[in-house]
Amino acid sequence: EIMTILICFHFNTYRNFKHYYLCYVKGYLKEYFPKAVSYNRFVELESRVAVQMALFLELFCFGECTGISFIDSTCIPVCHNKRIKRNKVFKGYAEIGKSTMGWFYGFKLHLICNEKGELINFMLTRANVDDRDENVFNRLTDNVLGKIYADKGYISQTLFSRLFSNGIHLVTGLKSNMKNRLMSIYDKIMLRKRSVIETINDELKNVCQIEHTRHRSIDNFATNLFAGLIAYNLLPKKPALNIEIIDKSRLIA
């Protein structure tokens with residue numbers, strides 16, 4: 001019941017969990033949850049289902065790699081920049097990092113998805129971890145093959161060589177100060193379609209509400225993140241590309 005209530009919260013238009021629980025769950029859904037505990041007790045019980053939600057997400061929600069993957073990271077701030085020094089909840093866990101939107105205090109969510117908009121894998125790191133970190137890529141590309149399309153922040157010859165030796169072709173754009181190189185028309189078109197994962201990041205934050213600054217414990221933060229990722233994977237319609245893969249072996253070559 002705790003997992004169901006948490007996941008359903010991310011399907012609703014409520015932006016405050018307390019209002020959602022007191023007014024919607026204990027009001028309109030009272031017949032489905034007749035023994036619902038008080039709000040304060042529910043918040044205490046949230047952390048008990050963190051492991052179960054992580055297992056449910058990994059075993060039943062992730063999509064399959066089709067040979068075409070998109071990778072990106074998004075910032076997950078946990079408090080306003082003015083309150084960084086006063087934040088005690090995430091002391092020792094969160095760090096200060098910088099994104100395209102500026103400095104923030106919190107974490108980074110690294111995602112990899114296929115062209116259907118289905119999440120293949122994810123990893124949560126501190127905000128100061130580089131997108132090209134070896135441990136991050138080893139975790140994300142565990143069951144990935146074919147081509148991975150990424151932005152210019154993933155440009156690294158070492159990373160490209162390591163992935164290529166494992167049968168994965170990392171395709172990125174070129175910076176203005178880099179020499180031009182040959183790239184197939186297909187790869188150029190697919191790089192322009194990389195916005196699909198940016199749309200996923202937007203839906204996770206604005207629809208599934210994985211980001212807010214009202215967390216009072218690290219366990220409830222993780223539970224909220226897992227619930228948001230599960231809710232996204234259960235959405236009936238996801239941002240996707242209309243691509244038909246004929247032969248996967250051609251993507252590896």
Q: Quick one: in region 200-247, of everything that is touching a residue at least 60 places away in the same chain (Cβ under 8 Å) and polar (S, T, N, Q), which residue is surrounded by the fewest Cβ atoms within 10 Å (Cβ to Cβ)?
A: THR213
Q. Limited to region 21-60, what total is found for residues that are of a type in the set (Gly, Ala, Ser) and in a loop (DSSP other than H, G, I, E, B)?
A. 2
Q) Any idea which of ARG181, ARG162 is without any contact (Cβ under 8 Å) to a residue 60 or more places away in the chain and closer than 20 Å to MET123 by Cα? A) ARG162
(Q) When you scan region 19-33, do you find a residue that is surrounded by 12 or more Cβ atoms within 10 Å (Cβ to Cβ), farther than 13 Å from THR223 by Cα and within 24 Å of the chain's Cα centre (by Cα), even just one? (A) yes
Q) Given the residues ILE84, ILE76, ILE112, which is the only one that is of a type in the set (A, V, I, L, M) and more than 23 Å from ARG194 (Cβ to Cβ)? A) ILE84
(Q) Looking only at region 3-42, how many residues end up being modelled with pLDDT under 90 and aromatic (Phe, Trp, Tyr)? (A) 2
Q. Of all residues in region 46-60 being surrounded by 13 or more Cβ atoms within 10 Å (Cβ to Cβ) and among the aliphatic types (A, V, I, L, M), which is farthest from ASP219 (Cα to Cα)?
A. LEU57
Q. For region 142-194, which residues satisfy the criterion of being in a helix (DSSP H, G or I) and surrounded by 13 or more Cβ atoms within 10 Å (Cβ to Cβ)?
A. GLY153, TYR154, LEU159, PHE160, ARG162, LEU163, ASP187, MET190, LEU191
Q: Give region 61-99 a look and list any residue that's open to solvent by 90 Å² or more (accessible area, probe 1.4 Å) and either in a loop (DSSP other than H, G, I, E, B) or closer than 18 Å to CYS208 by Cα (or both), or say none.
A: GLU64, HIS80, LYS85, ARG86, LYS88, LYS91, TYR93
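The values are calculated or read from the model by the stated rules, or taken from the named source; none is laboratory data. Values in this document were obtained by computation on a predicted structure and should not be read as measured data. With ideal geometry, Cβ positions are generated from the backbone for all residues, glycine too; neighbour counts draw on all protein chains shown. Accessible surface areas use protein heavy atoms only, side chains included; no ligands, DNA or RNA. Shrake-Rupley method; radii C 1.70, N 1.55, O 1.52, S 1.80 Å.
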